[in-house]
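Trainee: What follows is a structure written as structure tokens; I'll ask about it next.
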Number of protein chains: 2
Amino acid sequence: MGLFVGVDVGGTKVLAAEVDATGAVARTARRSTPGRRVDVRLLEAALTEAVEEVAAGREVDGVGLAAAGFVDAAGERVMFAPHLPWRGEEVRRRLTDLWGVPVALDNDANCTARAELRYGAARDARDVLVVTMGTGIGGAVVLGGRVHRGRNGMAGEFGHMQVVPDGRACECGGRGCWEQYSSGNALVRHARARLGHEPTLLEELCSGDPDLLVGPMVTAAAEDGDLVARGAFASVGEWLGVGLANLVAAFDPELVVIGGGVSAAGDRLLEPARTALARSLVGGGHRTVPPVVRARFGPEAGAVGAADLARDSLA
Amino acid sequence: MGLFVGVDVGGTKVLAAEVDATGAVARTARRSTPGRRVDVRLLEAALTEAVEEVAAGREVDGVGLAAAGFVDAAGERVMFAPHLPWRGEEVRRRLTDLWGVPVALDNDANCTARAELRYGAARDARDVLVVTMGTGIGGAVVLGGRVHRGRNGMAGEFGHMQVVPDGRACECGGRGCWEQYSSGNALVRHARARLGHEPTLLEELCSGDPDLLVGPMVTAAAEDGDLVARGAFASVGEWLGVGLANLVAAFDPELVVIGGGVSAAGDRLLEPARTALARSLVGGGHRTVPPVVRARFGPEAGAVGAADLARDSLA
């Protein structure tokens with residue numbers, strides 16, 4: 001079947017994985033991401049190390065890259081990536097030359113969608129919205145069983161839909177972007193604002209320092225019945241559903257898949273989202289409302305999808 | 001080439017047109033729409049009369065219907081249409097039986113998109129957003145050169161994206177829908193609110209009665225330099241661009257086409273929309289911003305697209 005390696009090139013770490021043709025991960029290797037200001041060769045060296053560790057001396061048939069950034073429509077260049085040094089680099093060609101093996105490239109959200117479509121929650125579906133909730137919101141549009149990339153390769157940038165005019169300032173320069181209300185950051189912001197105002201397990205989890213509060217603490221506290229943490233999920237989940245209603249009105253998909261770190265909370269996130277979606281969606285009585293389900297893959301989604309991309313590109 | 005008739009079945013009138021294979025309209029016939037509470041046979045009779053008038057005794061090869069309502073994904077039924085008596089009716093089969101000719105069916109916005117794609121502003125384009133601004137906002141998504149209909153045949157219902165939380169109440173039961181801020185209704189509401197507060201040509205055009213104010217009066221007054229009318233277009237145009245930015249972030253199309261009655265104002269509507277789109281769109285410096293152009297077809301768009309649908313379905 002050949003040895004295919006998928007590499008998720010994230011803002012903080014590189015994860016390489018050997019993925020077989022059933023989507024199972026056989027081996028993984030991790031490296032820290034060298035940072036956005038370094039020479040691109042440092043990043044390339046980290047990728048090389050991770051791929052070699054996974055290959056362990058065997059011949060590699062293809063490598064797929066899932067990059068946390070904008071990848072052009074041709075899958076050749078990383079145009080811009082806020083946490084990586086690539087700026088318009090011809091990443092696919094450079095690494096093909098460097099490694100002497102075929103390389104395929106897409107952005108991380110599209111690779112996640114591919115993993116879910118081929119092996120996960122969207123298997124056999126044709127028209128699907130995939131929304132990844134991590135620090136921010138990423139996403140992908142699947143139409144006719146394929147990831148729709150768009151004119152610039154930038155389809156699926158849902159996180160920056162404006163949902164509140166003159167709303168919260170966003171890192172993108174805009175205001176009121178969806179990810180300011182529904183994301184890992186929004187979850188933490190919501191919980192942090194309650195610290196010191198009402199009793200909560202989060203005080204202890206973050207050692208009384210709001211700056212130390214992170215998403216998984218909110219997930220854990222909600223699991224233990226903490227009302228502040230549950231309130232944060234209720235808010236973020238409801239905003240998730242409101243934004244989904246806009247996207248469902250536009251695409252009319254058969255299924256919505258929610259991935260990313262925040263989706264680990266499962267129905268605590270998804271139930272308020274389903275309720276808000278059903279309430280907000282136009283034409284409710286004359287249509288089916290698509291199911292909103294949790295992604296199958298967690299942190300390995302990007303690498304699994306990237307390996308699948310490589311396998312497909314070279315078939 | 002055969003005789004193909006497209007019929008736009010709107011809330012107030014029925015427009016039938018003989019359309020040739022170049023998209024040119026040879027003959028038209030009009031009837032009033034009998035209203036939503038009548039027996040469906042009255043509506044069918046009006047359609048029959050209009051088609052027969054256009055046919056003028058010649059044999060018809062196919063009829064396409066553009067219905068102002070929700071058409072199911074199979075193109076068989078009109079599920080719901082606020083201004084028509086059809087409620088889940090098998091319109092395609094009924095009219096095929098009644099007329100003894102092949103009939104094809106889609107909603108009006110999809111037919112408009114088809115007309116622009118085949119003969120109009122989107123000729124040869126592959127990924128296009130078509131937004132029709134009339135009383136409200138309709139729309140269609142073109143992907144890979146084809147109209148994307150979605151799971152329920154309801155893709156493109158852009159008008160009910162929520163753009164303002166707890167915003168203006170909408171006929172759909174929701175609040176803050178896009179068409180409450182950018183549509184013919186929004187244009188008139190904006191202008192009406194200024195009547196009596198500042199001097200405007202609109203006073204005379206509506207004979208001093210705000211209830212008599214309609215969209216074409218605002219278009220005419222803006223043309224004559226009226227500041228109230230121009231302010232209304234500036235507001236509706238800016239909101240158009242803000243909503244487009246959400247859709248462009250999601251689909252990444254190569255082109256945006258604006259049709260419907262309000263688009264008759266041309267750049268007075270489109271310039272503020274282009275400015276707001278460029279300002280609001282995420283990743284501005286790393287992508288192309290799609291051109292926003294006026295549709296080629298006016299009130300005949302639906303009938304032209306419906307005739308093309310019939311021609312295509314029977315080819």
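Trainee: Going by how many other beta carbons lie within 10 Å of each one, how would you line up A:Met1, A:Met154, fewest first? Mind showing how you got there, number by number?
Mentor: On the way: A:Met1 8, A:Met154 25.
Placing the least packed residue first, the sequence is A:Met1, A:Met154.
Trainee: Using the Cβ atoms and a cut-off under 15 Å, what net charge is assigned to the surroundings of A:Met217, where Lys and Arg are +1 and Asp and Glu are -1?
Mentor: That works out to -2.
Trainee: Could you tally the net charge around B:Val141, taking each other residue with its Cβ under 14 Å from the Cβ of B:Val141, Lys/Arg +1 and Asp/Glu -1?
Mentor: Working: positive: A:Arg151, B:Arg114, B:Arg126, B:Arg146, B:Arg149, B:Arg151; negative: A:Asp127, A:Asp252, B:Asp106, B:Glu116, B:Asp127, B:Glu157, B:Asp252, B:Glu254.
Counting the neighbours of B:Val141, the net charge comes to -2.
Trainee: Provide a whole-number value for the mean count of partner chain Cβ atoms within 10 Å of the Cβ atoms in peptide A:285-293.
Mentor: The per-residue average across the peptide is 3.
Trainee: Within a 10 angstrom radius of each residue's Cβ in B:143-155, how many Cβ atoms of other chains show up on average? Whole number is fine.
Mentor: Values: counts 7, 4, 0, 1, 0, 8, 2, 11, 13, 10, 2, 11, 8.
Taking the mean over all residues of the peptide, I get 6.
Trainee: A further question follows. Roughly how tilted is helix A:40-55, in degrees to the nearest 10 and between 0 and 90, from the longest Cα axis of chain A?
Mentor: 80
Trainee: A follow-up question, please. List the extent of the Cα atoms of the protein assembly as shown along each of their three principal axes, largest first, rounded to whole Å.
Mentor: So the extents along the principal axes, rounded to whole Å, are 80, 57, 44.
Trainee: A further question follows. Roughly how many debye, to the nearest 20, is the charge dipole of the stretch B:253-306 about its Cα centre, given +1 on each Lys and Arg Cβ, -1 on each Asp and Glu Cβ, and no other charges?
Mentor: The calculated dipole for the stretch B:253-306 is roughly 140 debye.
Trainee: Positive end of the charge dipole of the stretch B:155-214 (Lys, Arg +1 and Asp, Glu -1 on Cβ, about the Cα centre): tell me which of B:Gly208, B:His197, B:Ser182 has its Cα farthest that way.
Mentor: Among B:Gly208, B:His197, B:Ser182, the one farthest towards the positive end of the dipole of the stretch B:155-214 is B:Ser182.
Trainee: Let me ask something else about it. Grab the other residues whose beta carbon is less than 15 angstrom from that of A:Ala125, score K and R as +1, D and E as -1, and report the net.
Mentor: Net local charge, A:Ala125 excluded: +3.
Trainee: Can you give the convex hull volume per residue for the Cα atoms of chain B, as a whole number of Å³? Don't skip to the answer; put the middle values down first.
Mentor: Details: hull volume 43.4 nm³, N = 315.
Taking the convex hull of the Cα positions in chain B, it is 138 Å³ per residue.
Trainee: Can you give the FRET efficiency for B:Glu49 and B:Ala74, using 1/(1 + (r/R0)^6), R0 = 45 Å, r = Cβ-Cβ distance, to the nearest 0.05?
Mentor: E between B:Glu49 and B:Ala74, to the nearest 0.05, is 0.95.
Trainee: Compute the semi-axes of the equivalent ellipsoid of the stretch A:76-223, taking the square root of 5 times each eigenvalue of the Cα gyration tensor, and list them largest first in whole Å.
Mentor: 34, 19, 17
Trainee: Rg and Dmax of the stretch A:124-295, Cα atoms, in Å?
Mentor: According to the Cα coordinates of the stretch A:124-295, Rg and Dmax are 16.3, 51 Å.
Trainee: About its Cα centre, what dipole magnitude does the protein assembly as shown give when the only charges are +1 on Lys and Arg Cβ and -1 on Asp and Glu Cβ, stated in debye to the nearest 20?
Mentor: 80
Trainee: Here's a follow-up. Does anyone have the angle between helix A:267-280 and the longest principal axis of chain A? Alpha-carbon axes, 0 to 90°, nearest 10?
Mentor: 70
Trainee: Taking only C-alpha pairs under 8 Å that are 6+ residues apart, what is the relative contact order of the stretch A:148-194 in percent?
Mentor: Result for the stretch A:148-194 is 25 percent.
Trainee: Report, in degrees rounded to the nearest 10, the 0 to 90 angle that the Cα long axis of helix A:108-119 makes with the longest principal axis of chain A.
Mentor: Roughly 90 degrees, rounded to the nearest 10.
Trainee: Something else about it: If you average the sequence gap of Cα pairs under 8 Å that are 6 or more apart and divide by the length of the stretch B:104-240, what percent do you get for the contact order?
Mentor: Across the stretch B:104-240, relative contact order equals 16 percent.
Trainee: Follow-up question, since we're still on this one. Per residue of B:238-249, what is the mean number of Cβ atoms on other protein chains within 10 angstrom of that residue's Cβ?
Mentor: That works out to 4 on average.
Trainee: So if I place +1 on the C-beta of Lys and Arg and -1 on the C-beta of Asp and Glu, and nothing else carries charge, what would the dipole magnitude of chain B be about its Cα centre? I want it in debye, nearest 20.
Mentor: Working: 33 positive and 40 negative charges, 121 e Å.
With only Lys, Arg, Asp and Glu charged at Cβ, the dipole is about 580 debye.
Only the coordinates and a few stated rules stand behind these numbers; no lab work does. These numbers come from a predicted model, not from an experiment. Backbone-built Cβ (ideal geometry, glycine too); neighbour counts: all protein chains shown.
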